[in-house]
1. Just name the residue that is nearest to residue 169 (Cα to Cα) out of those in the range 213-235 that are among the small types (Gly, Ala, Ser) and either at pLDDT 95 or above or open to solvent by less than 30 Å² (accessible area, probe 1.4 Å) (or both).
2. Out of all the residues in the range 145-156, which are closer than 20 Å to residue 8 by Cβ and either open to solvent by less than 10 Å² (accessible area, probe 1.4 Å) or outside any helix (DSSP H, G or I) (or both)?
3. On the given criteria, is residue 166 among the aliphatic types (A, V, I, L, M), part of a helix (DSSP H, G or I) and under 18 Å from residue 79 (Cβ atoms)?
4. Which condition number does residue 140 fail, the rest of (1) in a helix (DSSP H, G or I); (2) crowded, with 20+ Cβ neighbours inside 10 Å; (3) not polar (S, T, N, Q) being met?
5. When only residues in the range 185-209 that are assigned to a strand (DSSP E or B) and open to solvent by 60 Å² or more (accessible area, probe 1.4 Å) count, which is farthest from residue 220 (Cα to Cα)?
6. From 218, 182, 225, which residue is over 19 Å from residue 136 (Cβ atoms) and in contact (Cβ under 8 Å) with a residue 40 or more places away in the chain?
7. Looking only at the range 7-43, how many residues end up being touching a Phe, Trp or Tyr at 6+ places or on another chain (Cβ under 6 Å) and without any contact (Cβ under 8 Å) to a residue 60 or more places away in the chain?
Amino acid sequence: MEDLLREEIAAVIDQNVADLLRAAGVASPPVDAIGLARGHLGMEVCLDRRQPQRGRAQRAGGQKHIYLRPEPTLERHQWTVAHEVGEFLKPALLQRLGIEPERARAMAGESLASLFAYHLLVPACWLVGDAPLCAYDVLELKKRYATASHEVIAWRLLDLSEPCIITVIDNDHIHRRRSNAWPVRKRLDAPEKKCQEYVHYYSRPHRVQEDGWTVHGWPIHQADWKREILRSVVEVD
């Protein structure tokens with residue numbers, strides 16, 4: 001897979017997702033990965049309180065089963081099932097990519113199944129139109145893509161042509177940071193830090209425009225844990 005560009009792999013996944021949604025009769029978001037697995041792919045999805053990992057799949061009695069560990073949020077279950085659907089469809093994806101199964105490897109630190117889960121929960125065929133209509137606002141997009149987490153939605157903005165930097169900050173520490181246009185270091189520039197501090201303190205969305213930066217920040221806060229997501233755009237000479 002190292003010989004393939006990320007864009008090529010994404011294009012194949014997007015086409016596979018579009019075909020799957022069309023065949024299942026899903027015409028708009030949100031995508032219910034659990035319902036898709038059960039109703040269209042004939043998988044049995046059930047809870048298993050004894051298992052240590054988030055989810056596992058196995059075949060029993062000629063039927064594919066996905067066992068889920070109980071999780072505090074719907075989005076985690078949706079992600080796990082979307083990932084397992086990706087594993088189930090992996091042979092077809094590899095065939096489309098022209099890759100022999102034994103030569104398949106994780107690409108850019110992410111497995112093919114993980115990439116599929118991102119694209120299934122937030123399909124490119126809808127996001128490309130919805131994102132600009134929502135002004136790339138993660139909270140507004142979340143209303144439409146309710147089964148995807150805020151982080152998944154934000155990370156998918158990197159797959160669009162509009163250049164930006166996405167940063168996920170957990171309890172004042174950078175968890176993830178990447179750009180689809182510019183090299184970035186794992187630290188915030190001054191306008192980003194200003195935006196993040198406001199969002200962290202007031203638990204309200206905020207925008208900062210200064211020094212050639214436009215930074216939007218959103219709070220994903222819980223009682224004992226604070227996450228902020230930033231989308232940054234910088235003017236380049």
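1. Checked the range 213-235; the qualifying residue nearest to residue 169 (Cα to Cα) is 217.
2. Scanning the range 145-156 gives a single hit, 156.
3. no
4. Only one criterion is unmet by residue 140, namely (2).
5. 209
6. Checking each option against the conditions leaves just 225.
7. Of the residues in the range 7-43, 0 are touching a Phe, Trp or Tyr at 6+ places or on another chain (Cβ under 6 Å) and without any contact (Cβ under 8 Å) to a residue 60 or more places away in the chain.
Every residue, every condition in (1) touching a strand residue (DSSP E or B) at 6+ places or on another chain (Cβ under 6 Å); (2) β-branched (Val, Ile, Thr); (3) at pLDDT 90 or above, yes or no:
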{"position": "93", "(1), (2), (3)": "no, no, no"}
{"position": "96", "(1), (2), (3)": "no, no, no"}
{"position": "99", "(1), (2), (3)": "no, yes, no"}
{"position": "108", "(1), (2), (3)": "no, no, no"}
{"position": "137", "(1), (2), (3)": "no, no, yes"}
{"position": "147", "(1), (2), (3)": "no, yes, yes"}
{"position": "172", "(1), (2), (3)": "no, no, yes"}
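The values are calculated or read from the model by the stated rules, or taken from the named source; none is laboratory data. If you're wondering where the values come from, they're calculated on a predicted model, not measured in any experiment. Reconstructed Cβ throughout: ideal geometry from the backbone, glycine too, with neighbour counts over all protein chains shown. Just so you know, the surface numbers come from the protein's heavy atoms only, side chains and all, with ligands and any DNA or RNA stripped out. Shrake-Rupley method; radii C 1.70, N 1.55, O 1.52, S 1.80 Å.
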